[in-house]
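Have a look at the structure below, then the notes.
The values are calculated or read from the model by the stated rules, or taken from the named source; none is laboratory data. What you see is a predicted model, and the numbers here were worked out from it, not measured in a lab. Here Cβ is always computed from backbone atoms with ideal geometry, including for glycine, and neighbour counts include all displayed protein chains. Remember, those area values only see protein heavy atoms, side chains included, never the ligands or the DNA or RNA. Shrake-Rupley method; radii C 1.70, N 1.55, O 1.52, S 1.80 Å.
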2 protein chains.
Amino acid sequence: MNQITRIDTDAEAAMATAIRVLAMDAVEAAKSGHPGAPMGMADVAAVLFNRFIKIDPADDKWPDRDRFVMSAGHGSMLVYAVNHMLGYDDMDMDQLRNFRQLGARTAGHPEYGHAKGIETTTGPLGQGITTAVGMALAERMMNARFGDALVDHHTYVICGDGCLMEGISHEAIDFAGHQQLGRLIVLWDDNGITIDGHTDLATGTDQMARFDASGWHVQAVDGHDREAVARAIQAAQSDARPSMIACKTVIGFGAPSKQGSHDVHGAPLGAEEIAAARQGFGWTHAPFVVPQPILTSWRAVAARGAAARAAWQERLNASPLKAQFTAALAAPDAGRLRHAMRDYCAKLSVEKPKVATRKASEMALEVVNAVLPNTVGGSADLTGSNLTRTKGMASVTPADRSGRYIHYGIREHGMAAIMNGIALHGGLIPYGGTFLAFADYSRPAIRLGALMGVPVVHVMTHDSIGLGEDGPTHQPVEQVASLRAIPNLLVFRPADAVETAEAWEIAVTEPTTPSVLCLSRQNLPLLRMDAGDENLSRQGAYVLRDTQGARDVTLIATGSEVEIALAAADLLAPQGVRAAVVSAPCFELFAARPQAERERVLGRAPRIGIEALIRQGWDGLFLRPGDGFIGMTGFGASAPAPALYRHFGITAERAADLANQLIQGGK
Amino acid sequence: MNQITRIDTDAEAAMATAIRVLAMDAVEAAKSGHPGAPMGMADVAAVLFNRFIKIDPADDKWPDRDRFVMSAGHGSMLVYAVNHMLGYDDMDMDQLRNFRQLGARTAGHPEYGHAKGIETTTGPLGQGITTAVGMALAERMMNARFGDALVDHHTYVICGDGCLMEGISHEAIDFAGHQQLGRLIVLWDDNGITIDGHTDLATGTDQMARFDASGWHVQAVDGHDREAVARAIQAAQSDARPSMIACKTVIGFGAPSKQGSHDVHGAPLGAEEIAAARQGFGWTHAPFVVPQPILTSWRAVAARGAAARAAWQERLNASPLKAQFTAALAAPDAGRLRHAMRDYCAKLSVEKPKVATRKASEMALEVVNAVLPNTVGGSADLTGSNLTRTKGMASVTPADRSGRYIHYGIREHGMAAIMNGIALHGGLIPYGGTFLAFADYSRPAIRLGALMGVPVVHVMTHDSIGLGEDGPTHQPVEQVASLRAIPNLLVFRPADAVETAEAWEIAVTEPTTPSVLCLSRQNLPLLRMDAGDENLSRQGAYVLRDTQGARDVTLIATGSEVEIALAAADLLAPQGVRAAVVSAPCFELFAARPQAERERVLGRAPRIGIEALIRQGWDGLFLRPGDGFIGMTGFGASAPAPALYRHFGITAERAADLANQLIQGGK
């Protein structure tokens, strides 16, 4: 507990007012934005920061800082106002004046990486609270590894009604309650208002009872009674369960004619209303002016944090775990992993295992998890199918968080957001599995991870109609295309055990790009017989089998269809057709290669793409509209995999026929 | 209440056993599938069907039938076994013998449209229960319109732990509780087991308390005590709230060595275990043989339903509302809508409104909603932004369900699934709005609607960086591509008020394909000056402005960028460059046109695509790799829209420059 006992309550009230005024001014200047939440939650924020939060603006990456997540991301001006007054050196008043303008750090919603003190990007509702669950879990996992002296911080969340209506909030609440994440404290801005009007238009859930049902400690307070808020936060800190504090607030508090209504939620208040609000606050200063005494109060928070950080630094320096702790927070040892992977691939090229790439993933993970002690695996209740748990990985439980395997439950979306939170927290490298078809459930969190640039590995098995009998609901036909559409995301579809290992090596060492590994259910032969000296998957696509003499056709394939491309080339050879085979495990990496290299790999002969998925995304690899594609044109069906491949015509015979047609057509 | 008072309890027990044995046999024959849930829930299903459910297998589309949803879709063999024994004429024993085989109606998961008596496709967890909420809402809305004589049925759901862990279940539960959908009865298969093991690996939520917190009627029973189950269903029917009955069951009940463990969840039991189970059941019949007395019991359910249907038919025949009721269930009057739209478009071509396409959508909806009395609108709490509510649309509330506007709350995913349920129920045509970026949240339900072929209209506004200041979290750059990737989904991005009207006309009359309307936040001029005699958007893409003489370049654009394409053509004209402009509001409809027509529209000159989104999906429209694209290559930014268009170079000037480059390059 880090409460300060003597509080100058007038000064604290002024701290809150300053948040309100800055929010009004910035939204007015931008002519857009959301004043309602910052004004409503200003008292809560003032108490939280003034009395509790442990951060040092001079070192925004200090590992043992408290994490503050503004899950109601539209209330971004609360964050910017606070961070300005705390004295973050990248948040001067010009940033606030340029709220929502091009190039400013003060984006419409808080963007991780745009400014210091923003722990995660929020805006899409429900993401913040769930990401915070990941942070709070990571804190306890790191604590289990390094003890109270080095890891002992809280995760605070401000969330609104929207966050609690979104489905993902259930996944967050259920998971956090189960894991007893007592360091997580959620402050619910209970203002009874959403964009369309009163919350009773659409919801009647008793949130206190709901959180209680999932094992949380719950309290309700007047969100404008700062002493009550302080007592509640203190009680929350003392309870072993995660805490939810329902803060009854008036949205847009202080806007005399608009407060308490949805008019104040997401639009500028207007000059007249702002003038009246200023008068009500007794605030006589010009726009974007905060008087020194108030700044002094806020800077005291920073000073308290700086002292805490100095004490922590001393503990770290004295700790026998210092080297280990520092290593956990550093980039993974890519060199060591390269060595281990080379040895492993050499072994593969001798043993030539015919395994599903999901199995190959498990084999590669044995290497990865041995070399990198801070990977943490998990699955959305498909461990035996995703094969994400390597030998000796103990479960992370409320009683013992020293384990490395997380049972995310049947919560694909929550898993992805929690993994974002773990990665953002630092010290651990998260990966987690589900079926590729259910990437759709995780998608908003995958996207947010890509936008933030956090290194998370999404293991997605059962990656095509090759999963067979479960049928079209479970067969991804468009998910790979839709994932390739997300910027800053590496989507791998490896063809064999070697490419799977290469994909893991890249994914787990990428510092600022999340990855998706699309893995087969069905067995695939080893195709890459080189000893793995070079990670060819880094090229995105490469010539797996070249021709003797000029190419007649190039067959480009990914994953399970590379085997088919090779078989087609074998069919074509006796017909005198020289077919090169290109394996393309990662379109994004290939797109980043120099144009000349790409042309060399793909060649000038007619090109045929083979992927048991839809065509979208392939035409960019083709040379002319006549180039061919063999894949899916609609949803799959329920049947054994071999029957489906025949039914949908994804066969070596058809590829060979198409090659002959293209070659004839070109003559 | 339709309980039968005298129950032959031995006969009912045998009805349950038959489900178990058929599930074991079919999974064994298929060598894959899930015996655990059908065996565990067989008693509950026997009670539900034997004593309560009102269906007539001879008329599987009877509007007043009860709806039964197997939300735990992996337990599909329960459905197939029941439907076989009920006597659905398309579910003979050969279908069960061919469980999960190509061409059989007995897909791995229940597929809507594959066999009679399957009310919705399930498998992706949480979808069934939420779709059922839509059905139950539609039932009450239709009841408000047509009274108890014509609309008076229940919606029953079997769901598992997985369904209740998925986030979407929260949206379903909160919404159903708020709307007091008393005809909805959820039977939770409370077996304590998921794929990874015991549920306490990942969840500790008290489900009874959770449902209670959202205003549900909750009960807990022994799921193998059939009298207790019957009493609970009866009590549920009597309560005005939606009901959840926690049925404590043993997964795989009757499999002597595997029951109660996750080993029985999703794999064949094996010959030995099946033999032992048969012995325990006292079941001496060969595989896939159900003795006549048991069939007779099941057929009595069908006979009861047939009598109920006959009585209903008499009520309908005598009802003054017959014509209206019949019309509501028939296809929408496309002819009348065409006439109204033609008049409306003629007016537009005179008035030339410069409005955002979201505003144009509202204007078109005034026409649609006037002509089609059974459309029901809604929004995920963005009514004023999505502009989905036309004049006089009253809210659907628990007290009065005669309205036409649904407050879905901040529940994009739930909204999409509920809309699927409304459409599946029949009688109402649902549309609902959110921001396009949050199509990601709805995606699993959008996909399921496309797979089922249910006519739902997803209104997605704020469709590009053109939304401005809200920034990259809210700016869809890849969502249009990812939606275009979903099979059987029409994605419209109209350029002006006329195309918006055309898109609505197509979307709302499509019988078996859902649609997404991607609409701008920013104002756009009217570009189509023809009087709207023909719906040109039906062609998917068409020449909006042709050239005099041979084309030098074709500029292809969608939505807000068609204006830019026209401006680029204007810039090029004085330079002597003849640029045709093609508007392409719907790629899917264009792809379905004859090749010759497509070539005619796109021309042989160099092509340039302009869309303020990523390139994926465009290359298929291009003629040669050198063809150009102007759009986004990554995430957006927070700034006013005009600044963003300049910043990302999506301008007429850049398009004109690129055109000149391509033309030079081609010479």
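In segment B:120-167, what count of residues is obtained for those that are closer than 21 Å to A:Gln475 by Cβ, assigned to a helix (DSSP H, G or I) and of a type in the set (Val, Ile, Thr)?
1
A:Gly117 fails exactly one of the following numbered conditions: (1) of a type outside the set (A, V, I, L, M, F, W, C); (2) assigned to a loop (DSSP other than H, G, I, E, B); (3) within 14 Å of chain B (Cβ to nearest Cβ); (4) open to solvent by 10 Å² or more (accessible area, probe 1.4 Å). What is the number of that condition?
Answer for A:Gly117: the failing condition is (3).
Could you please find all residues in segment B:191-202 being open to solvent by 20 Å² or more (accessible area, probe 1.4 Å) and farther than 17 Å from B:His34 by Cβ?
Passing the criteria: B:His198, B:Asp200, B:Leu201.
Among the listed residues A:Thr547, A:Thr512, identify the single one that is closer than 30 Å to A:Asp333 by Cβ, of a type outside the set (Lys, Arg) and without any contact (Cβ under 8 Å) to a residue 60 or more places away in the chain.
After ruling out the rest, the residue left standing is A:Thr512.
Output the residue which, of all residues in segment A:516-543 that are surrounded by fewer than 18 Cβ atoms within 10 Å (Cβ to Cβ) and charged (D, E, K, R), is farthest from A:Cys345 (Cα to Cα).
Top of the filtered list is A:Arg538.
For segment A:629-644, which residues satisfy the criterion of being over 34 Å from the mean Cα position of the chain (by Cα) and more than 8 Å from chain B (Cβ to nearest Cβ)?
Residue satisfying the conditions is A:Pro642 alone.
Residues of segment A:172-193 being under 26 Å from the mean Cα position of the chain (by Cα) and of a type in the set (S, T, N, Q), which ones?
The answer is A:Gln179, A:Gln180.
Name the one entry in B:Arg231, B:Arg241 that is among the charged types (D, E, K, R) and either surrounded by fewer than 19 Cβ atoms within 10 Å (Cβ to Cβ) or without any contact (Cβ under 8 Å) to a residue 60 or more places away in the chain (or both).
B:Arg231
Could you identify the single residue in A:Gly409, A:Gly427 that is of a type in the set (Gly, Ala, Ser) and at the interface with another protein chain (Cβ under 10 Å from one of its Cβ atoms)? Write out each step before concluding.
Working: A:Gly427 fails: at the interface with another protein chain (Cβ under 10 Å from one of its Cβ atoms).
Unique residue meeting the criteria: A:Gly409.
How do the pairs read when you match residues in segment A:592-608 that are assigned by the TED database to the domain that holds A:Asp619 with residues anywhere that are at pLDDT below 95 and charged (D, E, K, R), using Cβ under 8 Å and keeping only pairs 6 or more apart or on different chains?
Pairs found: A:Pro606/A:Arg624; A:Pro606/A:Asp627; A:Arg607/A:Asp627; A:Ile608/A:Asp627.
Just the residues that are surrounded by fewer than 14 Cβ atoms within 10 Å (Cβ to Cβ) and not in a helix (DSSP H, G or I), please, taken from segment B:296-347.
Scanning segment B:296-347 gives B:Pro320, B:Ala330, B:Ala331.
Quick check on this structure: which one of A:Arg100, A:Arg67, A:Arg105 is within 14 Å of chain B (Cβ to nearest Cβ), surrounded by 24 or more Cβ atoms within 10 Å (Cβ to Cβ) and of a type outside the set (Ser, Thr, Tyr)?
From the options A:Arg100, A:Arg67, A:Arg105, the qualifying one is A:Arg100.
With touching a residue at least 12 places away in the same chain (Cβ under 8 Å), touching a helix residue (DSSP H, G or I) at 6+ places or on another chain (Cβ under 7 Å), over 24 Å from B:Val151 (Cα atoms) and within 14 Å of chain A (Cβ to nearest Cβ) as the only criterion, which of B:Ala46, B:Ala29, B:Ala81, B:Ala14 stands out? Steps first, please.
Values: B:Ala46 fails: within 14 Å of chain A (Cβ to nearest Cβ); B:Ala81 fails: within 14 Å of chain A (Cβ to nearest Cβ); B:Ala14 fails: within 14 Å of chain A (Cβ to nearest Cβ).
Residue meeting the stated conditions: B:Ala29.
Could we say that A:Ile422 is within 14 Å of chain B (Cβ to nearest Cβ) and either out of contact with any Cys (no Cβ under 8 Å at 6 or more places or on another chain) or not polar (S, T, N, Q) (or both) here?
Answer is no for this residue.
Tell me, yes or no, whether segment B:249-265 has at least one residue that is open to solvent by 50 Å² or more (accessible area, probe 1.4 Å), assigned to a helix (DSSP H, G or I) and closer than 28 Å to B:Ala399 by Cα.
Scanning segment B:249-265 turns up no residue that is open to solvent by 50 Å² or more (accessible area, probe 1.4 Å), assigned to a helix (DSSP H, G or I) and closer than 28 Å to B:Ala399 by Cα.
Looking at segment B:587-599, is at least one residue more than 33 Å from the chain's Cα centre (by Cα), among the aliphatic types (A, V, I, L, M) and modelled with pLDDT of 95 or more?
Scanning segment B:587-599, I find at least one residue that is more than 33 Å from the chain's Cα centre (by Cα), among the aliphatic types (A, V, I, L, M) and modelled with pLDDT of 95 or more, so the answer is yes.
Conditions (1) surrounded by fewer than 24 Cβ atoms within 10 Å (Cβ to Cβ); (2) part of a helix (DSSP H, G or I); (3) assigned by the TED database to the domain that holds A:Gly223, marked per residue:
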{"position": "A:Ala14", "(1), (2), (3)": "yes, yes, yes"}
{"position": "A:Val27", "(1), (2), (3)": "no, yes, yes"}
{"position": "A:His34", "(1), (2), (3)": "no, no, yes"}
{"position": "A:Asp43", "(1), (2), (3)": "no, yes, yes"}
{"position": "A:Phe49", "(1), (2), (3)": "no, yes, yes"}
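Within segment B:265-273, does at least one residue satisfy the condition of being in contact (Cβ under 8 Å) with a residue 40 or more places away in the chain, of a type in the set (Gly, Ala, Ser), out of contact with any helix residue (DSSP H, G or I) (no Cβ under 9 Å at 6 or more places or on another chain) and farther than 24 Å from B:Thr130 by Cβ?
No, the conditions are met nowhere in segment B:265-273.
Out of A:Ile663, A:Ile614, A:Ile608, I need the residue that is assigned to a helix (DSSP H, G or I) and either modelled with pLDDT of 95 or more or out of contact with any helix residue (DSSP H, G or I) (no Cβ under 6 Å at 6 or more places or on another chain) (or both). Which one?
Answer to the selection: A:Ile663.
Are any residues in segment B:591-602 away from every other protein chain (no Cβ under 13 Å) and assigned to a loop (DSSP other than H, G, I, E, B), and if so, which ones? Write out each step before concluding.
Step one: filter segment B:591-602 for residues away from every other protein chain (no Cβ under 13 Å), giving B:593-594, B:596-597, B:600-601.
B:Arg593, B:Pro594, listed by residue number.
Let's see how each residue does on (1) open to solvent by less than 10 Å² (accessible area, probe 1.4 Å); (2) away from chain A (no Cβ under 11 Å); (3) in contact with a His (Cβ under 7 Å, 6 or more places away or on another chain):
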residue: B:Thr122; (1), (2), (3): yes, no, yes
residue: B:Ala136; (1), (2), (3): yes, yes, no
residue: B:Ala144; (1), (2), (3): no, yes, no
residue: B:Gly147; (1), (2), (3): no, yes, no
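Is it true that some residue in segment B:489-496 is within 10 Å of chain A (Cβ to nearest Cβ), of a type outside the set (Val, Ile, Thr), within 20 Å of A:Gly617 (Cβ to Cβ) and in contact with an Asp or Glu (Cβ under 8 Å, 6 or more places away or on another chain)? Quick ask: steps written out before the conclusion?
Our first condition is that a residue be within 10 Å of chain A (Cβ to nearest Cβ); within segment B:489-496, this holds for B:489.
Those still in the list that are of a type outside the set (Val, Ile, Thr) too: B:489.
Narrowing the set further to residues that are within 20 Å of A:Gly617 (Cβ to Cβ) leaves B:489.
Narrowing the set further to residues that are in contact with an Asp or Glu (Cβ under 8 Å, 6 or more places away or on another chain) leaves B:489.
Yes, segment B:489-496 contains at least one residue that is within 10 Å of chain A (Cβ to nearest Cβ), of a type outside the set (Val, Ile, Thr), within 20 Å of A:Gly617 (Cβ to Cβ) and in contact with an Asp or Glu (Cβ under 8 Å, 6 or more places away or on another chain).
Which of the residues spanning segment A:645-667 are within 13 Å of another protein chain (Cβ to nearest Cβ) and hydrophobic (A, V, I, L, M, F, W, C)?
Result: A:Phe648, single match.
Just to be sure before I move on: is A:Ala209 in contact with a strand residue (DSSP E or B) (Cβ under 9 Å, 6 or more places away or on another chain), open to solvent by 20 Å² or more (accessible area, probe 1.4 Å), assigned by the TED database to the domain that holds A:Tyr156 and among the small types (Gly, Ala, Ser) in the structure I sent?
Yes, satisfied.
Filter segment B:384-403 down to the residues that are in contact with a His (Cβ under 8 Å, 6 or more places away or on another chain) and not in a loop (DSSP other than H, G, I, E, B), then identify the one that is nearest to B:Arg145 (Cα to Cα).
Per the criteria, the residue is B:Ser395.
Suppose the filter is more than 14 Å from chain B (Cβ to nearest Cβ), open to solvent by 10 Å² or more (accessible area, probe 1.4 Å) and not in a strand (DSSP E or B); does A:His178 pass it?
On the way: more than 14 Å from chain B (Cβ to nearest Cβ): no; open to solvent by 10 Å² or more (accessible area, probe 1.4 Å): yes; not in a strand (DSSP E or B): yes.
So A:His178 does not fit the description; no.
Can we say B:Thr390 is closer than 22 Å to B:Asn523 by Cα, β-branched (Val, Ile, Thr) and free of Cβ contacts under 8 Å to residues at least 40 places away in the same chain?
On the way: closer than 22 Å to B:Asn523 by Cα: yes; β-branched (Val, Ile, Thr): yes; free of Cβ contacts under 8 Å to residues at least 40 places away in the same chain: yes.
It is true that B:Thr390 is closer than 22 Å to B:Asn523 by Cα, β-branched (Val, Ile, Thr) and free of Cβ contacts under 8 Å to residues at least 40 places away in the same chain.
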